[in-house]
Structure formats: C-alpha cells, structure tokens
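For reference, the structure discussed in these notes is given below.
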Amino acid sequence: MQKTNRIEFVGEWSRFLSAQVLYLPILGPVYLADYAIEKIVSDILNNTAGDTFLTYDKNKRWSAAPSERLLLDNVIFKDHKLFIPVLGGHEFNTLKIFYYAAAPLGTVDLETAREIYLQSSKEKKIKKCFVYCFAGPSVTTDYTEYNIYLQKITANHLLSGRLNEICYFDKADTRTRATFEALGRETDMEGFDFLWREFITKGKKLSPIVCLVRDNEIIGAIGPLDVWPDGCGVKCLLPPYFGVKEKFRGKDCGERLWKEAMSYALKQGAQYTLVQNSPGSLAAQFYEAQGLSMSGKVFICPLPESNL
C-alpha cells in the first residue's frame, strides 16, 4: 500500500464514499443510517488478517470462517483513484479489485488493475480476476450490472393477522416440509437448494423461513429472516432467499411473502433491508412495485484476457 498511515488512508477512502448505500469490500452492500463510514472502513482495515468475521458481516451466517481477505499491501492509490484488492473464492483463487473514483473505469484503470493482478499472482495462484466499479465503465468490456434496492421498514409494514396460505417452515407438517426440496430446482431459485442441502437436511439451526403453502405444497418462500445490528448499530433484515415457483408467479404470491417478512422484521426491530438484483429482471420489477428505492449500482467487469 502506498500510504502506510492507516488514519490518513481511512480519510482518503471515506471521501470516495458519499452515498448512503455503498458497496464495500468483504461486506458487499451497506446502508449508512447514521453515516459512520469511517468506523466501518477502519473495521475492514483492522481485520485484514481475515481469520475472523466482523460482528456485522452477514457472511458468517453461512460458514465458520471468512472466505475473503483484503490485500492491504497491494492497494494502489494514485491520480485520485483507489484500487483495493480482495482475495477470495475457492481456495482463495479469485481476485476482486474494488475501484473507487469520480471517473468511470477506463483503459488506464484496467492497466492498474493488471499491475495488482500480477503482484498478487506472485503470492497466490489466481484463476479469475474481476474489477468492481460503481459507474458504468467507459471502456468496451463485458460486465454484469446489479441494482441495490433499499426498503425502509416502518410501522406501516405491521400486519394485524396472518395472510392467506402463509405458514412458517418450522410450523408446517412433515409432508409439507418435504416439498421445500423442489424449490431449489426452479428457475432463479438455486439458493433454496443450498438451504435444503446444507442446512435443513443436516438439522442445522436457521432463522424463520416464511412459506406460501397450497394443498400441502410449498410453492414459495422467503428466508431465513435474520435480523442483526449493522456497522452503525442499527438493526436490519439481512438479505433473504426469496422466490415463488414459476407457474405461480404474477399472482400476488410474492407480495404476500414479502409483506409477512417485513412484518416479522419490524417486530424484531429491523429498520431496513437491502437487496440486489439485475436491472429489468422480474425480481427488480417486483421490488420496484413494492416501493423499494433503487439506491446504488455495482458493475462487475472480468479483467480482459489481454490484461492477464
């Protein structure tokens, strides 16, 4: 890292982070309800060993140890642009480079990303490299774009009673619970296969999962509904898996699940939730119809083969 004074570096990094909804290394989407960005950035920098989770890192729901670590020695700050590399993936063989600047990602910036890739490759065999930026790239390159949606949870989300066909997974009978397995085979619902395979069949503890049940069959679900304090100490609903079987979509099934989840989160003290979806997708259209605000973007660009 070119700047060895961490306090100075925190200040410089923080100046790039002026929005309330951000995308940060290790943590992903972050909402700054009380705008404590310096604290959160400091927490990330003070945990670069990567052997323990930050207390508010949502990834600790799924694994016993962190799967990403920030490469502080390979950070580059020049020309008012900041490049922060993170190593992760299977056997830590994937490099993510977070690009923070006022200018969109350009050709010169890809060359800087290549410098970081080459330096990092001396220390670890890297199979894939991606650059994360937050304005549309100015170079012609393939990229994946995601919108980050914010839902503020208020008293208006409180339900007076249970909606039709809504049931919590742990309250369903054995026959009905067994139908959860089929959700993971549906289009865009692979996360439910993960829950079934890695948690439910192994009897691991999960926070509540809200299901929509029809004729003893689970046709949609949202969960687990984990409510934790964030880096500012504000309780939030962590991003749940959410989906409805394809043949039941567009028939208010998703809306009922979402309303029950928001009501549950409110009762647990949650003040907001963040979700991430591809622009124009059915999921994005659903969230917009529910009144969520599109509050940020992230563009993920594979480092071109010519740069590797």
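The values are calculated or read from the model by the stated rules, or taken from the named source; none is laboratory data. Remember, it's a predicted structure, so these values are computed and weren't measured experimentally. Methodologically, a virtual Cβ is constructed for each residue, glycine included, from the backbone with ideal geometry; neighbour enumeration extends over all protein chains shown.
For region 28-47, indicate whether the set of residues that are part of a loop (DSSP other than H, G, I, E, B), more than 22 Å from K297 (Cα to Cα) and out of contact with any Cys (no Cβ under 7 Å at 6 or more places or on another chain) is non-empty. Lay out the reasoning, then the answer.
Of the residues in region 28-47, the ones part of a loop (DSSP other than H, G, I, E, B) are 32-36, 46-47.
The next check asks that each one be more than 22 Å from K297 (Cα to Cα); those that pass are 46-47.
Narrowing further to those that are out of contact with any Cys (no Cβ under 7 Å at 6 or more places or on another chain): 46-47.
Yes, the conditions are met somewhere in region 28-47.
A quick yes/no check of all residues on (1) in the same structural domain as A103 (by TED's automatic domain parsing); (2) more than 24 Å from S207 (Cβ to Cβ); (3) surrounded by fewer than 18 Cβ atoms within 10 Å (Cβ to Cβ):
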| position | (1), (2), (3) |
| --- | --- |
| L27 | yes, no, no |
| K39 | yes, yes, yes |
| N59 | yes, no, yes |
| L70 | yes, yes, no |
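So, in region 1-10, of the ones that are in a helix (DSSP H, G or I) and loosely packed, with under 13 Cβ neighbours inside 10 Å, which residue ends up modelled with the highest pLDDT?
If we filter region 1-10 for residues that are in a helix (DSSP H, G or I), which is where we start, we get 6-10.
Right, trim to loosely packed, with under 13 Cβ neighbours inside 10 Å and you get 7-8.
Working: I7: 74, E8: 79.
Looking at residues that are in a helix (DSSP H, G or I) and loosely packed, with under 13 Cβ neighbours inside 10 Å, I get E8.
In region 140-160, how many are assigned to a loop (DSSP other than H, G, I, E, B) and either surrounded by 15 or more Cβ atoms within 10 Å (Cβ to Cβ) or not β-branched (V, I, T) (or both)? Break it down into steps so the answer makes sense when it comes.
Here is the first cut: in region 140-160, the residues assigned to a loop (DSSP other than H, G, I, E, B) are 140-143, 153-154, 158-160.
Going one step further and asking which of them are either surrounded by 15 or more Cβ atoms within 10 Å (Cβ to Cβ) or not β-branched (V, I, T) (or both), we end up with 141-143, 153, 158-160.
Selection size over region 140-160: 7.
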Note down all Cβ pairs under 8 Å where the first residue falls in region 97-123 and is in the same structural domain as A19 (by TED's automatic domain parsing), the second is part of a helix (DSSP H, G or I) and among the polar types (S, T, N, Q), and they're at least six residues apart or on different chains. L110/N307; E111/N307; A113/N307; R114/N307; I116/N74; Y117/N307; Q119/N74; S120/N74
With the requirement that a residue be in contact (Cβ under 8 Å) with a residue 24 or more places away in the chain, closer than 20 Å to D252 by Cα and part of a loop (DSSP other than H, G, I, E, B), what does region 161-175 give you? R162, L163, N164, E165
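Picking from K297, K251, K259, K247, which residue would you name as being of a type in the set (D, E, K, R) and assigned to a loop (DSSP other than H, G, I, E, B)? Walk me through how you get there before you give the answer.
Working: K297 fails: assigned to a loop (DSSP other than H, G, I, E, B); K259 fails: assigned to a loop (DSSP other than H, G, I, E, B); K247 fails: assigned to a loop (DSSP other than H, G, I, E, B).
Only one candidate qualifies: K251.
E288 - would you say it is closer than 20 Å to V21 by Cα, outside any loop (DSSP other than H, G, I, E, B) and acidic (D, E)?
On the way: closer than 20 Å to V21 by Cα: yes; outside any loop (DSSP other than H, G, I, E, B): yes; acidic (D, E): yes.
Taking the combined requirement at face value, the residue satisfies it.
Among what's in region 98-130 and is part of a helix (DSSP H, G or I) and of a type in the set (S, T, Y), pick the residue that is farthest from S18 (Cα to Cα).
Here is the first cut: in region 98-130, the ones part of a helix (DSSP H, G or I) are 107-121.
Next cut, of a type in the set (S, T, Y) only: 107, 112, 117, 120-121.
On the way: T107: 25, T112: 24, Y117: 28, S120: 29, S121: 32 Å.
Top of the filtered list is S121.
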Do you know which residues across region 144-160 are in contact (Cβ under 8 Å) with a residue 60 or more places away in the chain and either within 23 Å of S263 (Cβ to Cβ) or among the hydrophobic types (A, V, I, L, M, F, W, C) (or both)? I148, Y149, L150, Q151, K152, I153, T154, A155, H157, L158, L159
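When region 48-80 is examined, which residues are found to be assigned to a helix (DSSP H, G or I) and either under 20 Å from the mean Cα position of the chain (by Cα) or of a type in the set (D, E, K, R) (or both)? Spell out the reasoning first.
The first filter runs over region 48-80 and keeps only residues assigned to a helix (DSSP H, G or I), leaving 58-61, 72-74.
K58, N59, K60, R61, D73, listed by residue number.
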Quick one: in region 234-244, which of the residues that are part of a loop (DSSP other than H, G, I, E, B) and in contact (Cβ under 8 Å) with a residue 40 or more places away in the chain is farthest from S42 (Cα to Cα)? P239
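Here's the yes/no breakdown for (1) part of a strand (DSSP E or B); (2) surrounded by fewer than 17 Cβ atoms within 10 Å (Cβ to Cβ); (3) at pLDDT 95 or above:
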{"site": "E181", "(1), (2), (3)": "no, yes, yes"}
{"site": "F192", "(1), (2), (3)": "no, no, yes"}
{"site": "L206", "(1), (2), (3)": "no, yes, no"}
{"site": "A221", "(1), (2), (3)": "yes, no, yes"}
{"site": "L225", "(1), (2), (3)": "no, no, yes"}
{"site": "W228", "(1), (2), (3)": "yes, no, yes"}
